[in-house]
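Below is one structure; the comments refer to it alone.
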Amino acid sequence: MLELAAASKERHDRFIQRVVASREVWGLKNADGWACTASTADGGEERSVMPFWSDRAYAKQCAKQDWSDYEPTPIPLDLFLQRWLPGMQADDCIVGTNWNAHLCGYEIEPLDLRQEIGRQLENMG
């Protein structure tokens, strides 16, 4: 379990570095909207989780089974930071970052992710 958490955190850290470098985030989208699932990771009530990836290939490997009709779709980083994350916070939705092909990965509050990305942007500036 600890090993899975460590791997998820490594993929999350890679997500931060890569989206800052590329200035885009990838999600999975179909005609009905964006891929989303539910989680009870904190043992509390079920909340929606919307996964995002740092590159197209990572997103593509998760476009299977229930998400087989979804396509990797880029989102400009500025739009993600200014609109998506505050909107997800308002909707009480959690962000999943760089989930693996088994749909396992790191989950974080939207505004916490916004702060992490912001710090990385400052460090590069």
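Can you report the number of residues in region 81-107 which are part of a loop (DSSP other than H, G, I, E, B), more than 18 Å from D13 (Cα to Cα) and open to solvent by 40 Å² or more (accessible area, probe 1.4 Å)?
Qualifying residue count for the region: 3.
Could you tell me whether any residue of region 26-39 is open to solvent by less than 80 Å² (accessible area, probe 1.4 Å) and closer than 23 Å to N123 by Cβ?
In the first step, residues of region 26-39 are kept if they are open to solvent by less than 80 Å² (accessible area, probe 1.4 Å); the result is 26-28, 30, 33-39.
This time we only want the ones that are closer than 23 Å to N123 by Cβ, so: 26.
Looking for residues that are open to solvent by less than 80 Å² (accessible area, probe 1.4 Å) and closer than 23 Å to N123 by Cβ, one finds at least one in region 26-39, hence yes.
Could we say that S8 is surrounded by 15 or more Cβ atoms within 10 Å (Cβ to Cβ), small (G, A, S), within 15 Å of the chain's Cα centre (by Cα) and under 30 Å from E122 (Cβ atoms) here? Spell out how you get there, then give the answer.
Details: surrounded by 15 or more Cβ atoms within 10 Å (Cβ to Cβ): yes; small (G, A, S): yes; within 15 Å of the chain's Cα centre (by Cα): yes; under 30 Å from E122 (Cβ atoms): yes.
Yes, satisfied.
Applying the selection to region 50-80, what residues are in a helix (DSSP H, G or I), open to solvent by 30 Å² or more (accessible area, probe 1.4 Å) and in contact (Cβ under 8 Å) with a residue 24 or more places away in the chain? Working first, answer last.
In the first step, residues of region 50-80 are kept if they are in a helix (DSSP H, G or I); the result is 56-60, 65-67, 77-80.
Remaining after also requiring open to solvent by 30 Å² or more (accessible area, probe 1.4 Å): 56-58, 60, 65-66, 78-79.
Selection gives R56, Y58, D78.
From the residues in region 69-102 that are among the small types (G, A, S) and at pLDDT 95 or above, which one is farthest from M50 (Cα to Cα)? Full working, then the answer.
Just the residues of region 69-102 that are among the small types (G, A, S), to begin with: 87, 90, 96, 101.
Subsequent filtering for residues that are at pLDDT 95 or above retains 87, 90, 96.
Values: G87: 12, A90: 14, G96: 6 Å.
Per the stated criteria, the residue is A90.
How many residues are of a type in the set (V, I, T) and over 11 Å from the mean Cα position of the chain (by Cα) if we restrict to region 11-58? Reasoning before the result, please.
Taking region 11-58 as the starting set, the residues that turn out to be of a type in the set (V, I, T) are 16, 19-20, 25, 37, 40, 49.
Next, only the ones that are over 11 Å from the mean Cα position of the chain (by Cα) stay: 20, 37, 40.
Qualifying residue count, region 11-58: 3.
Test each condition in (1) at pLDDT 95 or above; (2) more than 25 Å from N123 (Cα to Cα) for P110 and report the one that comes out false.
If we test P110 against (1) at pLDDT 95 or above; (2) more than 25 Å from N123 (Cα to Cα), just (2) comes out false.
Name the residues in region 108-125 that are under 11 Å from the mean Cα position of the chain (by Cα), open to solvent by less than 10 Å² (accessible area, probe 1.4 Å) and farther than 26 Å from S68 by Cα, would you?
If the condition is that a residue be under 11 Å from the mean Cα position of the chain (by Cα), open to solvent by less than 10 Å² (accessible area, probe 1.4 Å) and farther than 26 Å from S68 by Cα, then L113 is the only one that fits.
The values are calculated or read from the model by the stated rules, or taken from the named source; none is laboratory data. Computed from a predicted model, the values in this text were never measured in an experiment. Neighbour counts run over all protein chains shown; Cβ positions are idealised from the backbone, glycine included. Remember, those area values only see protein heavy atoms, side chains included, never the ligands or the DNA or RNA. Shrake-Rupley method; radii C 1.70, N 1.55, O 1.52, S 1.80 Å.
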